Amino acid sequence: MIALRTSDDSSTADEEDLRIEQALQWVIANRTQYNIVAINLSEGTGEYSKPTRTGPYWDELQTLANAGVFIAASSGNSGVLSPFSVEYPAADPSAYAVGSVNPSDVISTFTERSGDLDLLAPGENVPTTYYDPVKGTHITLAATGTSFAAPFAAAAAALLKQVDSSLSPAEIMGILDATGSANYDGDKERGR
C-alpha cells in the first residue's frame with residue numbers, strides 16, 4: 001500500500017485539486033514499478049446526478065482507468081441534503097462511486113446516491129487507528145463516512161487483481177456486483 005497525502009487543514013480547494021492531480025501523476029509514472037492496480041479517493045466536492053468530468057485531474061483518472069487501474073471514490077456524506085447525486089470524483093466515468101452501509105447492511109442515511117452509485121461497503125463504525133499527538137499515543141476509533149467505505153472497494157479490487165492480473169476495472173466491478181446482493185433503501189428512485 002502506498003499513501004499519498006493531498007491535503008492539510010490549511011489547503012484551499014484549488015490547492016487540494018492541484019495536489020490530487022500531482023499525486024495521480026505520480027501514480028501514473030510509478031504504477032508499474034510499485035504494481036499499483038487500485039486507488040482510493042476518499043474525498044469529494046459538488047453534487048452531480050450524471051457522469052461528469054470536471055476539474056484539473058479528470059484526464060489523469062481516465063489515463064489510470066485506461067491502464068487498468070481500478071478507481072474507488074467515496075460518493076459523499078450529504079445524502080440527507082443531496083440524496084440524488086454523488087460528489088466528484090465519484091461522478092467521473094473513470095471512477096466507481098462507493099457508498100456506505102452500517103453493520104446491519106442498511107444503507108447509511110448520509111450516503112449520497114444516484115444512478116451512478118456503483119457499490120456499497122462498510123462505512124459506519126469502522127475501526128480505524130488514530131495518532132493522538134497531544135498524548136503521543138495511538139488509539140482506535142469507530143469512524144463513519146463514505147471515505148471509510150471506498151477503501152474496502154479498492155482493497156477488494158487489489159485482491160481480485162492478485163487472483164487474475166488481466167482483469168480490467170469493468171470486469172472487477174462486474175465481479176463485485178455479481179457477488180454482492182441488491183440493497184435498496186426503500187426509495188426506489190434512490191436505490192439501485
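Some points to look at:
- Of the residues in segment 51-62, not one is within 18 Å of Thr109 (Cα to Cα) and either open to solvent by 30 Å² or more (accessible area, probe 1.4 Å) or not in a loop (DSSP other than H, G, I, E, B) (or both).
- Within segment 22-42, being open to solvent by less than 40 Å² (accessible area, probe 1.4 Å) and either in contact with a strand residue (DSSP E or B) (Cβ under 7 Å, 6 or more places away or on another chain) or free of Cβ contacts under 8 Å to residues at least 40 places away in the same chain (or both) holds for Ala23, Val27, Asn30, Ile36, Val37, Ala38, Ile39, Leu41.
- Sub-8 Å Cβ pairs linking a first residue in segment 110-138 that is at negative phi and of a type in the set (Lys, Arg) to a second residue that is part of a loop (DSSP other than H, G, I, E, B) and modelled with pLDDT of 95 or more, at least 6 apart or interchain, are Arg113/Ser75, ordered by first then second residue.
- Residues in segment 48-83 that are touching a strand residue (DSSP E or B) at 6+ places or on another chain (Cβ under 7 Å) and either in contact (Cβ under 8 Å) with a residue 60 or more places away in the chain or acidic (Asp, Glu) (or both): Tyr48, Ala65, Val69, Phe70, Ile71, Ala72, Ala73, Ser74, Ser75, Gly76.
- Residue ID - modelled with the highest pLDDT, chosen from residues in segment 90-139 that are part of a loop (DSSP other than H, G, I, E, B), under 30 Å from Gly55 (Cβ atoms) and open to solvent by 60 Å² or more (accessible area, probe 1.4 Å): Pro93
- Residue, most open to solvent (accessible area, probe 1.4 Å), within segment 63-89, restricted to residues that are of a type in the set (S, T, N, Q) and in a helix (DSSP H, G or I): Asn66
- Count of segment 17-50 residues which are closer than 20 Å to Phe110 by Cα and β-branched (Val, Ile, Thr): 1
The values are calculated or read from the model by the stated rules, or taken from the named source; none is laboratory data. These numbers were taken from a predicted model, which means no experiment stands behind them. Neighbour counts are summed over all protein chains in view; Cβ atoms, including those assigned to glycine, are modelled from backbone coordinates with ideal geometry. Please note that ligands, DNA and RNA were not included when accessible areas were found on the heavy atoms of the full protein model with its side chains. Shrake-Rupley method; radii C 1.70, N 1.55, O 1.52, S 1.80 Å.
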